[in-house]
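**Student:** One structure is given below, represented as structure tokens, and several questions about it will come after.
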Amino acid sequence: MKKLLVALATTALFSLPVVAADYKIDDKGAHAFINFKIKHLGYSWLTGRFNTFSGTFSYDEKDVNASKIVVDIDATSIDSNHAERDKHLKSNDFLNVSKYGKAKFVSTKITDKGNNQLEVVGDLTLHGITKSIVIDAEKIGEGKDPWGGYRAGFSGATKLGLKDFGIPERLGPASTHVELELHVEGIRQ
């Protein structure tokens with residue numbers, strides 16, 4: 001009888017569903033970045049980043065499709081390394097951060113494309129408009145860190161049409177889209 005109980009307990013233990021690990025994006029340790037670039041009049045690139053954001057994600061290597069990510073972005077933290085330009089980008093001419101100070105991304109589907117390549121589909125709310133976007137992503141790696149924690153890192157890229165989010169196209173006909181580059185390192189909770 002004792003062997004039967006041990007066998008049943010062991011079977012029950014190994015038949016429990018695998019649960020994705022939850023991570024907090026390491027925005028405090030400067031191990032996560034949301035960068036952007038857009039052509040300026042078609043002659044050069046204007047580059048920058050958002051300095052303030054936070055988020056979480058769940059990830060399970062055995063069931064990548066069940067993963068989820070949520071990122072909150074402080075649009076007022078836009079930084080192009082030029083104070084006057086940043087003031088202009090924050091104005092009604094572009095982001096209108098006095099009215100739309102927050103942006104948010106919530107994944108709706110994550111597809112494992114093999115070889116650490118992922119397709120992340122989700123809803124981006126920017127400038128008061130929510131649209132579905134696709135991020136081509138890559139798992140960079142995961143493992144223990146030197147401080148006793150466990151981390152997982154990803155990078156991704158997408159391209160957004162300014163008009164899709166109601167942002168005026170004021171930098172010329174070659175400047176209708178902004179490219180986003182995302183680098184995310186999360187600490188397992």
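The values are calculated or read from the model by the stated rules, or taken from the named source; none is laboratory data. Note that the coordinates shown come from a computational prediction; the quantities given were computed from them, not determined experimentally. Every residue, glycine as well, gets a Cβ built from its backbone with ideal geometry; the counts of neighbours run over all protein chains shown. In case anyone asks, the SASA skips ligands and DNA or RNA and just uses the protein heavy atoms, side chains included. Shrake-Rupley method; radii C 1.70, N 1.55, O 1.52, S 1.80 Å.
**Student:** Which pairs do you get when a residue that is free of Cβ contacts under 8 Å to residues at least 12 places away in the same chain, found in region 106-133, comes within reach of a residue that is surrounded by 15 or more Cβ atoms within 10 Å (Cβ to Cβ), reach meaning Cβ atoms under 8 angstrom, with the pair 6+ apart or on two chains?
**Tutor:** Partner pairs satisfying both residue conditions: Thr130/Leu124.
**Student:** I want to confirm something. Restricting to region 104-130 and keeping residues that are surrounded by fewer than 15 Cβ atoms within 10 Å (Cβ to Cβ) and basic (Lys, Arg), which single residue is farthest from Ser67 (Cα to Cα)?
**Tutor:** Lys113
**Student:** Moving on to the next point. Residues in region 83-95: is at least one under 16 Å from the mean Cα position of the chain (by Cα), open to solvent by 50 Å² or more (accessible area, probe 1.4 Å) and more than 18 Å from His177 (Cα to Cα)?
**Tutor:** no
**Student:** Would you tally the residues in region 72-82 being open to solvent by 20 Å² or more (accessible area, probe 1.4 Å) and outside any helix (DSSP H, G or I)?
**Tutor:** 6
**Student:** List every residue pair whose Cβ atoms sit under 6 Å apart, with the two residues 6 or more apart in sequence or on different chains, where the first one lies in region 158-178 and is on the phi > 0 side of the Ramachandran plot and assigned to a loop (DSSP other than H, G, I, E, B) and the second, anywhere, is aliphatic (A, V, I, L, M) and open to solvent by 40 Å² or more (accessible area, probe 1.4 Å).
**Tutor:** Listed by first residue and then by second, the contacts come to Gly166/Ile129; Gly172/Leu41.
**Student:** Tell me which residues, restricted to region 39-72, are acidic (Asp, Glu) and modelled with pLDDT under 95.
**Tutor:** Asp60, Glu61, Asp63
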